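So that we are looking at the same thing, I have put the structure below in C-alpha cells.
The values are calculated or read from the model by the stated rules, or taken from the named source; none is laboratory data. These figures come from a predicted structure and were not determined experimentally. When we count neighbours, we look across all protein chains shown, and the Cβ atoms used for this are built from the backbone with ideal geometry, even at glycine. Just the protein is used for accessible areas: all its heavy atoms, side chains included, with ligands, DNA and RNA removed. Shrake-Rupley method; radii C 1.70, N 1.55, O 1.52, S 1.80 Å.
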Amino acid sequence: MKVMSPIRYVVVAGEASGDILGANLIAHLKILQPNAIFEGIGGPLMEAQGFKTVVPMDRLSVMGLVEVLARLIELLGIRKRLYQSCLDNPPTAFIGIDSPDFNMPLARKLKKSGIPTVHYVSPSVWAWRQKRIFNIKKSVDLMLALFPFELPIYHEHNIPIVCVGHTLADEIPLDSDALEARDTLNLGPINGPVFGILPGSREGEVSRLAPLFVETMKRIKQKEPDAVFLMPAANAARRVQIESILEGANAEAILIDGQSRTVMAASDAILLASGTAALEAMLVKRPMVVSYRVNKVTYAIMSRMIKVPYVSLPNLLANEALVPELLQDAATPDNLATRLLQTWRSFNGDKTIQAKYLNLHKMLRKNAGETAAKAIISMLEEKAK
C-alpha cells in the first residue's frame, strides 16, 4: 500500500500586506485540505492560522535598490537555506507572496528541480522592467493576480494566471462608518477634523516619511487648530520610533497600536505612504494624499524605468488621477498640507469620485482566498495527471 505524503506548502511572505494575503489563503486551503501543513516565512496573521515561520518576516521587509544592497548578504543566505530545505524535503508546492526580487529567483530554481511553484501578487511587469515576464515564465506554474489590468501581458506570453481580486475588498464593508470606528478607538468627542497619518510599517520608510508627515501635521494645525491626528504604529518598535520623532518635532498625535484600517475609517482624510495602504484607504472610501520618498539614487533609477503615469493603486485601477500623488521632491510639508486640506474639503461634495471608489471596490470583490486556493489545487491536480 502506497503511503501518501502529507500536503505541505512552503510559503514566503516578506511584508505586512503579504501576511494579510497569506493568512487568508492558508485559511481557505485548510478548508479544502484540512490536513495541510504550512511553513516558511510569514507574519503574525499567518502564524495565527497555524503557519510555522522559520525566519522573522521583517528580515525580508526592505525596499529600494540601495537599501537592499545593505542587507544583500543576509537575504541571499536566507534564500539559500530555504532552497536547500525544499530540496531536502520537497513541499507539495512553493508559494511566494509578493516580494518578487526575493521569491522569483527561488521559485525559478525550485521549478527547475520539479517542485510546483505559485506566485501570489503579480510583479509590476505592466509598469516597469517588462522583460521580467520571460523570467516569470521560467519561474512559476501559476500566477495569482490581484487586478484585472494585469492579465493581458500574461495571456500574451501563455503564462497560467488567475485574477483572484483582493482579500481586503472582501473583508472591508462597502460602507465604513466613521463614528463607529472612533468608538472602537475610544476617541471620545472630537470637534475638529480627524486626519489619519500613516507613514508606513517598515523602519526605513518611517524614518524617511514620519518626520515629513509630522511637519505636515504642524502646517495643518496652523490652518485647522482643532484638527486631530491619528497615527497607527505597526508594532512596538515603530511606536517607539514615531514617539521619538513626535517628541523631537514638538508635535502631538494620538498613537494607536496597529488597527490601521480602523484609523482610516475613523478619519476624515488620510495622508499615507504609497502601497497597499492606499488601496485600503480607497476601500474605506476616504479622501487621501499619497506620498513617498526613497533614496535619491533609487528614485533616479526607478523614475527612468517606470512606464505608467501613476504609482498608487487607486489611480492605476481607475486609470486616472483619482487621488493626489506627491512623490520625492514634490513631497514637502507645505505641498502635502495644502493638498490634504483641499482633498478633505472637496471630497464630500464630489459624488463622482465616491462612486468610482465604490465601483472599484465591487470589481475587486472576488472571494480572493477561496479563488486562490481553488486555483492552486486545480493546478496541482492538472500537474498530477
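Where in segment 117-176 are there strands (runs of 3 or more DSSP E), lying fully within it, with 2 or more residues that are more than 22 Å from G42 (Cβ to Cβ)? Quick ask: steps written out before the conclusion?
Numbers: elements: 117-120, 142-145, 161-163.
In segment 117-176, 161-163 are the strands (runs of 3 or more DSSP E) which contain 2 or more residues that are more than 22 Å from G42 (Cβ to Cβ).
In segment 266-279, which residues are open to solvent by 10 Å² or more (accessible area, probe 1.4 Å) and either at pLDDT 95 or above or under 13 Å from A181 (Cβ atoms) (or both)?
Of everything in segment 266-279, just one residue is open to solvent by 10 Å² or more (accessible area, probe 1.4 Å) and either at pLDDT 95 or above or under 13 Å from A181 (Cβ atoms) (or both), namely D268.
Could I ask something else about it? Answer yes or no as to whether I376 is among the hydrophobic types (A, V, I, L, M, F, W, C) and outside the structural domain of A269 (by the TED database).
Yes, satisfied.
Moving on. Identify, by number, the condition in (1) assigned by the TED database to the domain that holds D141; (2) modelled with pLDDT under 95 that G188 doesn't meet.
(1)
Among the listed residues V194, V206, which satisfies the condition of being touching a helix residue (DSSP H, G or I) at 6+ places or on another chain (Cβ under 9 Å), modelled with pLDDT under 95 and buried (at least 21 other Cβ atoms within 10 Å of the Cβ)?
After applying the criteria, what remains is V206.
While we're looking at this one, here's another question. Given I73, I31, which one is modelled with pLDDT of 90 or more and of a type outside the set (D, E, K, R)?
Exactly one residue qualifies, and that residue is I31.
All but one of (1) open to solvent by 30 Å² or more (accessible area, probe 1.4 Å); (2) at pLDDT 95 or above hold for V308, so report the exception by its number.
(2)
Going through segment 183-207 one residue at a time, which ones are over 16 Å from E15 (Cβ atoms) and in a helix (DSSP H, G or I)? Walk me through how you get there before you give the answer.
Residues of segment 183-207 that are over 16 Å from E15 (Cβ atoms), as a first pass: 183-197, 207.
D183, T184, S207 - these are the residues of segment 183-207 that are over 16 Å from E15 (Cβ atoms) and in a helix (DSSP H, G or I).
Out of curiosity, is Q328 at pLDDT 95 or above and not assigned by the TED database to the domain that holds Q130?
Values: at pLDDT 95 or above: no; not assigned by the TED database to the domain that holds Q130: yes.
When the stated conditions are applied, Q328 does not pass them.
In addition: Mind listing whichever residues of segment 239-289 are over 25 Å from Y310 (Cα atoms), in a loop (DSSP other than H, G, I, E, B) and under 22 Å from the mean Cα position of the chain (by Cα)?
Scanning segment 239-289 gives G258, Q259.
Can you pull out every residue in segment 215-234 that is over 15 Å from A269 (Cα atoms) and either aliphatic (A, V, I, L, M) or surrounded by 23 or more Cβ atoms within 10 Å (Cβ to Cβ) (or both)?
Within segment 215-234, A233, A234 meet the criteria.
Scan segment 124-142 for residues that are under 17 Å from G14 (Cα atoms) and either at pLDDT 95 or above or surrounded by 22 or more Cβ atoms within 10 Å (Cβ to Cβ) (or both) and report the count. Walk me through it before giving the result.
First pass over segment 124-142, keeping only residues under 17 Å from G14 (Cα atoms): 124.
Imposing the further condition that a residue be either at pLDDT 95 or above or surrounded by 22 or more Cβ atoms within 10 Å (Cβ to Cβ) (or both) reduces the set to none.
Adding up the residues that qualify gives 0.
Follow-up question, since we're still on this one. Hey, among V284, V289, V263, which residue is at pLDDT 95 or above, within 17 Å of A330 (Cβ to Cβ), assigned by the TED database to the domain that holds M217 and crowded, with 22+ Cβ neighbours inside 10 Å?
V289
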